[in-house]
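Structure first, then comments.
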């Protein structure tokens, strides 16, 4: 696969924007915020990053992408989303051109915690859905297993080579391994259900502490 002029142009646009005074101001604003030197509260509008997400499908439809090859298409979406966001969302989020190389093999949701993570849905694209919490009974906590992961180094090497073939060394890369990107509370809601959790606070607080300690330990580990 040869270097791609379109991806090269998009990368140059993203890197030029990243080096601009406005982006430097945003990075400095967040650095001050996290270091307790906040003089101005930074504002961030959260947007999903996946190019197949329904919101992004409406903003930049899938059929408008030039590339059909999976890696080239993913890179194109990655860059187009960041450029669109930088132009149209007037918040303080810095543009980060870094492209993530997925270091973990794909896992079925049921493999994460040892219990099924089912959903009820309308079946419509973008329609309503409702998670089915697997911990229906407090005794079900015994079914939980801490997730285990092993980095797929061969896959990371292949991804890195594919990006290099398309863009050379122009785009910053980072290995990504965030299958447990949610915090303990998000997983508690997914596994137990919000209604049940609110009752657990009153009915079985020690059990709830045990659940939260297990989830926190599994995520930190």
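Cβ-Cβ contacts under 6 Å between residues 6 or more apart (or on different chains), taken from a first residue in the stretch 1-22 that is farther than 11 Å from residue 80 by Cα to a second residue that is not in a loop (DSSP other than H, G, I, E, B), are listed as 1/165; 4/166; 17/86. Taken over the stretch 211-221, the criterion of being over 17 Å from residue 143 (Cβ atoms) and touching a residue at least 60 places away in the same chain (Cβ under 8 Å) is satisfied by 221 alone. Selection of the stretch 85-100 for residues being surrounded by 13 or more Cβ atoms within 10 Å (Cβ to Cβ) and part of a helix (DSSP H, G or I) yields 85, 86. Strands (runs of 3 or more DSSP E) fully within the stretch 108-210 that include at least 3 residues being in contact (Cβ under 8 Å) with a residue 40 or more places away in the chain: 173-176.
None of the figures in this text is laboratory data; all of them are computed from the coordinates on show. Remember, it's a predicted structure, so these values are computed and weren't measured experimentally. FYI the Cβ positions are ideal-geometry reconstructions off the backbone, even for glycines, and counts take in every protein chain you see.
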